[in-house]
Structure formats: structure tokens, C-alpha cells
Amino acid sequence: MPQPRLPPSTNTVKHPVCRYILPSSSAMAYQYRPDLLAPYLALPQGEKVQAEYVWIDGDGGLRSKTTTVQKKVTDIGTLRIWDFDGSSTNQAPGHDSDVYLRPAAIFKDPFRAGDNILVLAETYNSDGTPNRTNFRHHAKKVMDLAKETVPWFGLEQEYTLFDMDGSPFGWPKGGFPGPQGPYYCGAGAGKVFARDLIEAHYRACLYAGVNISGINAEVMPSQWEFQVGPCEGISMGDHLWMARFLLVRIAEQWGIKVSFHPKPLAGDWNGAGCHTNFSTKEMREPGGIKAIEAAIEKLSKRHNEHIAVYGEDNDLRLTGRHETGHIGAFSSGVANRGASIRVPRHVNAQGYGYLEDRRPASNIDPYRVTAIIVETTVLDA
């Protein structure tokens, strides 16, 4: 059984990759016990609130830690700027390791419930500059400049589930399931794996306030997708990162690992992407097809610049096979899932709507992708 191909550790943040791989020896010895936890979660906590700060680390993964707040939070401005040891997260050297967390968005906490919250935070250095891993800072500036065009995004996040031993979840040990075909949007035993985990994640997102818009089983068995959006501007990245955090936290309780690698298994298996749907106010109004076509023309001229921030190891996925366009060539078409940019058939027929950029990999940083799309199509005159 081939092992999933995951990228090696790296000190660069050029193409951040989400990694959620725990040491198998220690992880296999741990069992989540909701029955033991439940009585403690039921205890009253008075007016005090637990605030879980969540941030993106130096490898494109997620970290979090909790602080006690004295009362219910109704204004993000009342939350304190916190700090952490950046030398332990690949975000700072050991001799100057303090990295600061500035609250950026608040979500309800589905794990602790009540008034407890999840706080998505940006990372800053001690001199006040954005940490090199903080791509939200630049994206926010871009979205502010383009605010009048009302950019909307919808991201389709694909991911793959693995057992603690590193094999795809639900696959025969030491073997393979049947070829792709019956698994996409499948129903029934042997076609769908870990539906309980996926349903838990969906409901947790709805509770938290994440703008999740759907889920489906994907083409490769043990591969799933959730969709987030439409979200305007900077909120797209906020909601997708929080949806990812909820997914890996819930999967932790199931003893399942989540991979966002774009080609987790070599061979005749589909890769994993994060198709990015995009529109401006002009595109969404009657006659907007002209604005869509103009945007596609602009995208065609900066193909390589986009590919550079569209995910690490994306070359393993964008091969021109398995419903992808080739990484080396830009293409577009109506209802063409083998193109770089797809215009949905109904959009072409009605003459307005949105475009779908099919190039981004599943391990993208959504702040980088949404920012460069707006820079190219809106701010590049």
C-alpha cells in the first residue's frame, strides 16, 4: 500500500501547506472520552468566558490556545493582544521568540458552547510588523482598495481522511478499493467513509457562524469537500480557515487525520483542490458576462504569478488529467472542468454571474489566493 505523499518540512512560507500529522505512537495510545468530559462541560462557569485563540503557524497549519475573559464578548476590540512562542511554530528565532496575536474575527465555540468563543487571530512581530506568515494583513489592504466592487468568493475545499497508521480511512488494509466511479456524492456502505465525522463538522460550522454552504463526498474514496461562501472580501479567508480548524479538531476526536495535500496518493486517483468562485458586483448584474470575459483575459496574462501562490506540490495535481488543466498552460471554457477557468453553463446562458478558478490546490492560503485574484482582475488597470 503506497503511503500518502506529503511534502517535507520546510522553513519557507512561500507556499504554506496544511499539515495535520501526529506521531502515530503517541496518537494511537490516546482515546477521546466524551463520556468523561461531558459532566465537566456541564458545570456552570459564571460570567467568565473561555476564548480560544486560533492562528496559522509557520508551516500553514493551525495552532490554538485558550485564555479566560471576564465576561461575555460583544466587541472584538475588548479582546487583548496575546503572545506565544514563535520559535516553537516556525515563526520566530529562539533569541527573539515572542509573536503577538491580534484578534481578527470571532466565532462561537461548538466544543464548549455557551458564551465561549473562537478567536481567529493575525500574527505580528514584536516591532509591530506583520509576521512573515501573516498573509491576511496584505489581503485586507487589497480588499479595502477594491471594496466598491464588492468582491464575492466561494471556495470548494477538498480534503482526504487518513487512519492513524497512514492509510486512507476506510480503505482495505494493504489493498485498494474499487476504482473511482461510485464514490462521488455516493450513498451506501462501501461507497462513503466517515459520514458521521463530516456531519459533525457541518453542524459545528453552522453553530460557529461559519458561512458553510454545502458538503459532498468526492471522486476518490475517503475524500470529501465542503463549500464556504459566498463571503465578501477578507471574510472569505477568515471563514475558510475557521472551517479548517473545526474540521481538524473534530477529526482529532474521531482519531482520524486530515490531509489537505493536493495529491495525497499517487496513481489513478483524483487530487484535491480548492476551486475558487469569484465575482464582482458588475459581474453579478445583467450584462456581467463582459466583465467576466475581461477578468479571464487579465487572469490569462498572469498565469505563472497565480500558480506561484496556488499551493505547494500543485504540479502533482494539475496534470491535465483527473478534471484539471495542465499547470503549464492557461485555458478557459464554458462548463469545461478540464480548463484553468470554468464559466458555468448557466452563467454563460443568462449573461451574468461568476467564474470558477479551478487551479488553486487544497492546501492554499485563501488570503493569498483571494488577494491576487482581486489584484489581477480589479486593481490591475
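The values are calculated or read from the model by the stated rules, or taken from the named source; none is laboratory data. Because the structure is a prediction, the values reported are computed rather than measured. As a convention, Cβ positions derive from the backbone with ideal geometry for all residues, glycine included, and neighbour counts pool all protein chains shown. For accessibility, only protein heavy atoms count, side chains too; no ligands or nucleic acids. Shrake-Rupley method; radii C 1.70, N 1.55, O 1.52, S 1.80 Å.
Some notes on this structure:
- Per-residue extension of 0.36 nm, minus the Cα-Cα distance of residue 98 and residue 345, leaves a gain of 83.8 nm for this segment.
- Added length on full extension, which subtracts the Cα-Cα distance from 0.36 nm per residue, residue 137 to residue 321: 62.7 nm
- GNM remark for the chain: springs join alpha carbons under 10 Å apart, and the peak mean-square fluctuation among 129, 89, 280 falls on 129.
- Among 362, 88, 340, residue whose mean-square fluctuation peaks in a GNM of the chain (springs only between Cα atoms under 10 Å): 88
- Amide H contacts under 5 Å for residue 82: 101, restricted to partners 5 or more places along the chain or on a different chain, H placed in the peptide plane at 1.01 Å from N.
- Globularity ratio of region 142-379, using Cα Rg and 2.2 N^0.38 Å: 1.01
- If you sort 43, 118 by accessible surface, 1.4 Å probe, largest first, the order is 43, 118.
- Per-residue SASA remark: residue 309, around 30 Å² accessible (1.4 Å probe; ligands, DNA and RNA not included).
- The solvent-accessible area of residue 238, taken with every protein chain present and a 1.4 Å probe, is close to 10 Å².
- Here the Karplus relation 6.51 cos²θ - 1.76 cosθ + 1.60, evaluated at θ = phi - 60°, turns the backbone of region 282-298 into coupling constants of 4, 5, 7, 9, x, x, x, 4, 5, 5, 5, 5, 5, 5, 4, 4, 5 Hz, with x for every Gly and Pro.
- Proximity of backbone amide H atoms, modeled 1.01 Å from N, is registered between residue 146 and no other residue at under 5 Å, excluding neighbours fewer than 5 places apart on the same chain.
- The simple spin-label model puts a point 7 Å past each Cα toward its Cβ; for residue 305 and residue 85 those points are separated by 4.1 nm.
- Residue 379 versus residue 334: modelled label distance in nm, points set 7 Å from Cα along the beta carbon direction: 3.3
- CD proxy at 222 nm, helix term only [per DSSP H run n ≥ 4: -39500 (n - 2.57); per residue of the chain; nearest 500]: -7000 deg cm²/dmol
- Order of exposure, largest accessible area first, which applies to 235, 259 with probe 1.4 Å: 235, 259
- For region 46-133, taking Cα atoms only, Rg and Dmax work out to 13.3, 40 Å respectively.
- Treating r as the C-beta distance of residue 206 and residue 127 and R0 as 41 Å, the FRET efficiency rounds to 0.55.
- Rounded to 0.05, the FRET efficiency of the residue 33 and residue 165 pair, given R0 = 30 Å and the Cβ-Cβ distance, is 0.90.
- Full-extension gain in nm, residue 71 to residue 298, via 0.36 nm per residue minus C-alpha separation: 76.8 nm
- Relative contact order %, the chain, counting alpha carbon pairs below 8 Å whose residues are six or more apart: 18
- Accessible surface of region 142-379, 1.4 Å probe, proportion on carbon and sulfur as whole %: 52
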